[in-house]
Amino acid sequence: MITLPGARELRPDGKVRLPPGQHLTTGWPVLHYGSIPRVDLATWRFHVWGLVEEEKTFNWEQFNALGDMTHTSDIHCVTAWSKYDNTWQGVPFKALLDATKLKPEATHAMLHSYGGYTTNIPLADLMAEGVLFARTHNGEELTKEHGWPLRLVLPHLYFWKSAKWVGGIQFLDRDRPGFWETYGYHMYGDPWREERYS
Ligand SMILES: Nc1nc2c(c(=O)[nH]1)N[C@H]1C(S)=C(S)[C@@H](COP(=O)(O)O)O[C@H]1N2
Ligand SMILES: [Mo]
């Protein structure tokens, strides 16, 4: 890892672009617990359940037909590397929400991945700008180790919230810990407040 110039750059909202305790990397480390799950697009499904009026299951074509967006954002990993200017393309979270009738009690969500990984995110954060289910990174299809065929990208929280191999979302009326949150990672994970562990 190297430190690049620009570490003191400010974002349009006035926050320092590089959160405290982070350093920039030009590579892209691969980090996950366990092994890469085997996924087949023919049997791939995305499940929506929990506090919804109607549970839904999308196949690959149906899910990708929900919408399309491209957004460029920075990655901040809790292990202290950051990577700037990642262009992601895929289905906007808001497009999934438009296709879902939530019950009024829904305030949080648990993302579920092939392989069993989970992570918890407040609904308001999922609705923020730049949140999508990404199929490509910098114009290339995701590689298996980075989450092919689909991963969540949630740029304003630490990268463990950006579930790789995502296959479902469960809506909840309270915050529940996901996989890393059970092992002491922060429930929320704001990089600018250094919410790494709790
Ligand atoms: N399904 C799944 N998604 C996951 C993880 C995981 O273990 N399983 N690890 C998270 C963590 S801790 C990080 S830092 C990022 C790493 O993503 P990358 O390997 O593409 O850099 O994925 C996140 N998403
Ligand atoms: Mo991580």
Quick one: in region 160-182, which of the residues that are under 17 Å from L97 (Cβ atoms) and part of a loop (DSSP other than H, G, I, E, B) is farthest from ligand 1 (Cβ to nearest atom)?
-> D173
Determine whether region 19-27 contains at least one residue that is hydrophobic (A, V, I, L, M, F, W, C) and touching a strand residue (DSSP E or B) at 6+ places or on another chain (Cβ under 6 Å).
-> yes
Take G167 and decide whether it is on the phi < 0 side of the Ramachandran plot, more than 16 Å from ligand 2 (Cβ to nearest atom) and in contact (Cβ under 8 Å) with a residue 40 or more places away in the chain.
-> yes
Does any residue of region 148-159 turn out to be within 16 Å of ligand 2 (Cβ to nearest atom), at pLDDT 95 or above, under 24 Å from W192 (Cβ atoms) and assigned to a helix (DSSP H, G or I)?
-> yes
Please identify the pairs in which a residue from region 54-77 that is closer than 30 Å to G27 by Cβ has its Cβ atom under 7 Å from the Cβ atom of a residue that is hydroxyl-bearing (S, T, Y) and not in a strand (DSSP E or B), counting only partners at least 6 apart or on another chain.
-> H76/Y158; C77/Y158
Answer yes or no: is there a residue in region 114-135 that is over 25 Å from K83 (Cβ atoms) and within 14 Å of ligand 1 (Cβ to nearest atom).
-> yes
Checked G178, G139 against criteria (farther than 20 Å from V78 by Cα and either small (G, A, S) or within 14 Å of ligand 2 (Cβ to nearest atom) (or both)); the one match is G139
Residue tally, condition of a type in the set (A, V, I, L, M, F, W, C), in contact (Cβ under 8 Å) with a residue 40 or more places away in the chain and not in a strand (DSSP E or B), over region 93-111 | 4
For region 50-86, name all the residues that are surrounded by 14 or more Cβ atoms within 10 Å (Cβ to Cβ), part of a strand (DSSP E or B) and within 18 Å of the chain's Cα centre (by Cα).
-> M69, H71, S73, D74, I75, H76, W81, S82, K83, Y84, N86
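The values are calculated or read from the model by the stated rules, or taken from the named source; none is laboratory data. Treat the numbers as computed from the prediction; the structure is a model and nothing was measured. Every residue, glycine as well, gets a Cβ built from its backbone with ideal geometry; the counts of neighbours run over all protein chains shown.
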